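The values are calculated or read from the model by the stated rules, or taken from the named source; none is laboratory data. Just so it is clear, the structure is predicted and the values come from calculations on it, not from any experiment. Every residue, glycine among them, receives a Cβ derived from its backbone with ideal geometry; neighbour counts consider all protein chains shown.
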2 protein chains.
Amino acid sequence: MDNLITHFNQYLPLNELEVEALGIRVIEKTIKRRQFILNKGDTCRHYSFVSSGLLRKYAIDKNGCEFNIQFATENQWIQDLGSFNNNTPSQFYIEAIEPSILFQLDKNSLLYLLQNFPKFDRNFRVIMENKFINLENRIFQNISLSAEEGYKKFLNEYPELYNRLPNTQIASYLGITPEFLSKVRRNISLKD
Amino acid sequence: MDNLITHFNQYLPLNELEVEALGIRVIEKTIKRRQFILNKGDTCRHYSFVSSGLLRKYAIDKNGCEFNIQFATENQWIQDLGSFNNNTPSQFYIEAIEPSILFQLDKNSLLYLLQNFPKFDRNFRVIMENKFINLENRIFQNISLSAEEGYKKFLNEYPELYNRLPNTQIASYLGITPEFLSKVRRNISLKD
DNA sequence: AATTTATCTTAACTTAGTTTAAGAAAATTT
DNA sequence: AAATTTTCTTAAACTAAGTTAAGATAAATT
C-alpha cells in the first residue's frame with residue numbers, strides 16, 4: 001500500500017491515525033489483462049487506485065464504436081464518478097489493458113474517511129482539481145488540434161504510454177479511426 | 001449574496017459563522033459586456049461566482065482561432081484553476097458576454113475559508129466533482145458525435161443558452177466553424 | 001434614427017477524416 | 001512451435017468539415 005500513502009503524502013501528508021484508518025479499509029485487488037472492473041449498466045461501487053498496471057475507461061457510441069475516455073496507470077485513480085456519487089447505472093466500461101494491482105475503496109469506507117478525517121476532503125479536492133485541469137486542456141486540444149497535432153501532443157505528454165498501448169487505443173482516445181492514425185503516422189515519418 | 005449562500009447550501013449547508021466568514025471576504029464585482037476578468041498571460045487571482053449574467057472562458061490556438069472552453073451563467077463558478085493554483089500565466093481569456101455581477105474570492109480569502117472551515121473543502125470538492133463529471137461527458141460527446149449531433153445535444157442540454165448566445169459562440173464551443181454550423185442548421189431545418 | 005459592428009447565410013472549392021476491404025505483421029494463446 | 005487473434009498498413013471511393021468570399025440580417029453604439 002506504500003504508493004497509495006506516498007500518493008496522498010504529495011498533498012497534505014497523512015498522520016498515523018489516517019494511514020491506519022485508510023489501511024484497514026482499502027482492499028487490494030489483482031486483475032488480469034482484459035478483465036473488467038466496471039461494465040456499462042452497473043453502478044460503480046469503488047474508487048480504484050492503480051498500484052501497478054494500466055486500465056482504460058471507455059464508452060460505446062450508438063454505432064458500436066469504442067471511445068477511450070481515460071487511461072489510468074501507476075498512482076492514478078479511476079472510477080465512474082457520476083455513477084459512484086449518484087448510484088446510477090454507468091455508461092462506461094473500465095477494463096485492464098495490462099495485468100494490474102488496485103487498491104479499492106468502497107462507498108462506506110470513503111464516506112467514513114471523509115467524515116472522520118477532513119484531510120481526505122482536502123486531498124481528494126486537490127486531486128480532483130488536478131484531474132479537472134487536465135481535462136480542460138484535453139478539451140481545448142480536442143476541439144482545436146488536427147489529428148496529427150493531437151497525436152504528436154499525446155506522444156509528448158504521455159511518452160510512457162506509447163510503448164504500452166496499441167495505436168488503436170490511442171486512436172480511440174483521440175477520436176479518430178485506426179486507419180486514419182496509420183495515415184497520420186506515415187505522414188509524420190515521411191517528413192523526417 | 002443570497003444566491004451564493006443558496007449555492008453552498010445545496011451541498012453541506014453553511015452555518016452562521018461560515019456565512020459570516022464568507023460574507024466579509026467575498027467581493028462583489030459588476031462587469032460590462034465585453035469586459036475581461038482574465039487575460040492570457042496574467043495569473044488568475046480569483047474564483048468568480050456568477051450571480052447574474054453570462055461569461056465565457058476561451059483560448060486562442062496558433063492560427064488565431066478562438067475556442068470556447070466554458071460558459072458560466074447564474075450560480076456557476078469560473079476561473080482558470082491551473083493558473084490560480086500554481087500562480088502560472090493563464091492560457092485562457094475570461095470575458096463577459098452579458099453584463100454580469102460576480103462574487104469573487106481571492107487566494108488569501110479562499111485559503112482562510114478552507115483552513116478554518118473544513119466544510120469549504122467538502123463543498124468545493126463536490127462542486128469540482130460535478131464539474132469533472134460534466135467535462136468527461138463533454139469529452140465523450142466531442143470525440144464521438146458528429147457536428148450535427150453535437151449541436152442538437154448542446155441545444156438539449158443548455159436550452160437557456162440558445163437564446164443568449166450567438167451561434168458563432170456555440171460553434172466555437174463545439175469546435176466547428178460558424179459557416180459549417182450554418183450548414184448544419186439548414187440541414188436540420190430541411191429535415192422537419 | 002443613423003451608423004457601425006457583429007452575426008448569419010450561401011455557394012464553390014479544398015482538405016481532413018471515414019469507410020470498406022484485404023493482406024501483412026505482431027502479439028497472445030494453446 | 002503452431003495456431004489464433006489482434007494490430008497495423010494501404011488504397012480507392014466517399015463524406016464531413018474547413019476555407020474563402022460576398023451579400024444579407026440583425027444587434028449594438030453613437
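Is it the case, given these coordinates, that residue A:181 is within 30 Å of residue B:130 (Cα to Cα) and either touching a His at 6+ places or on another chain (Cβ under 6 Å) or buried (at least 19 other Cβ atoms within 10 Å of the Cβ) (or both)?
no
(1) more than 10 Å from every other protein chain (Cβ to nearest Cβ); (2) crowded, with 16+ Cβ neighbours inside 10 Å; (3) within 16 Å of DNA strand D (Cβ to nearest atom); (4) within 17 Å of the chain's Cα centre (by Cα): which one isn't true of residue B:138, the others all being true?
Only one criterion is unmet by residue B:138, namely (1).
Going by the conditions given, is residue B:121 at negative phi and touching a residue at least 60 places away in the same chain (Cβ under 8 Å)?
On the way: at negative phi: yes; touching a residue at least 60 places away in the same chain (Cβ under 8 Å): no.
For residue B:121, the condition - at negative phi and touching a residue at least 60 places away in the same chain (Cβ under 8 Å) - is not met.
If I filter segment A:59-102 down to residues being within 11 Å of another protein chain (Cβ to nearest Cβ) and under 18 Å from residue A:162 (Cα atoms), which single residue comes out as farthest from the chain's Cα centre (by Cα)?
My answer is A:67.
Every residue in segment B:37-58 that is away from chain A (no Cβ under 12 Å), outside any strand (DSSP E or B) and not basic (Lys, Arg), please.
Taking segment B:37-58 and keeping what is away from chain A (no Cβ under 12 Å), we get B:37-43, B:45-46, B:48-56.
Going one step further and asking which of them are outside any strand (DSSP E or B), we end up with B:39-42, B:45, B:53-54.
Hits for segment B:37-58 are B:39, B:41, B:42, B:53, B:54.
Would you call residue A:187 within 13 Å of DNA strand D (Cβ to nearest atom), over 28 Å from residue B:93 (Cβ atoms) and modelled with pLDDT of 95 or more? Before the answer, list the steps.
Details: within 13 Å of DNA strand D (Cβ to nearest atom): yes; over 28 Å from residue B:93 (Cβ atoms): yes; modelled with pLDDT of 95 or more: yes.
Answer is yes for this residue.
Only one of these is within 14 Å of another protein chain (Cβ to nearest Cβ) and either assigned to a helix (DSSP H, G or I) or more than 22 Å from the chain's Cα centre (by Cα) (or both): B:111, B:190. Name it.
Unique residue meeting the criteria: B:111.
If you check every pair at least six apart or on different chains, which have Cβ atoms under 8 Å apart with a residue in segment A:62-82 that is basic (Lys, Arg) first and a residue that is buried (at least 21 other Cβ atoms within 10 Å of the Cβ) second?
none
Name, by its number, the condition in (1) touching a His at 6+ places or on another chain (Cβ under 6 Å); (2) on the phi > 0 side of the Ramachandran plot that does not hold for residue B:87.
It fails just one condition, (1).
(1) in a strand (DSSP E or B); (2) more than 19 Å from residue B:125 (Cβ to Cβ); (3) away from chain B (no Cβ under 14 Å); (4) among the aliphatic types (A, V, I, L, M): which one isn't true of residue A:5, the others all being true?
(1)
Mind listing just one residue for me: the one in segment A:19-36 that is in a loop (DSSP other than H, G, I, E, B) and within 16 Å of DNA strand D (Cβ to nearest atom) and, of those, farthest from the other protein chains (Cβ to nearest Cβ)?
Step one: list which residues in segment A:19-36 are in a loop (DSSP other than H, G, I, E, B), which gives A:24-26, A:32-35.
Remaining after also requiring within 16 Å of DNA strand D (Cβ to nearest atom): A:32-35.
On the way: A:32: 26, A:33: 24, A:34: 22, A:35: 22 Å.
The extreme case among them is A:32.
Pick out the one residue from A:101, A:94 that is in contact (Cβ under 8 Å) with a residue 24 or more places away in the chain, surrounded by fewer than 17 Cβ atoms within 10 Å (Cβ to Cβ), of a type in the set (A, V, I, L, M, F, W, C) and more than 12 Å from DNA strand C (Cβ to nearest atom).
Details: A:94 fails: surrounded by fewer than 17 Cβ atoms within 10 Å (Cβ to Cβ).
Within the list A:101, A:94, the selection yields A:101.
Would you check if residue A:129 is under 20 Å from the mean Cα position of the chain (by Cα) and not hydrophobic (A, V, I, L, M, F, W, C)?
Yes: the conditions hold for residue A:129.
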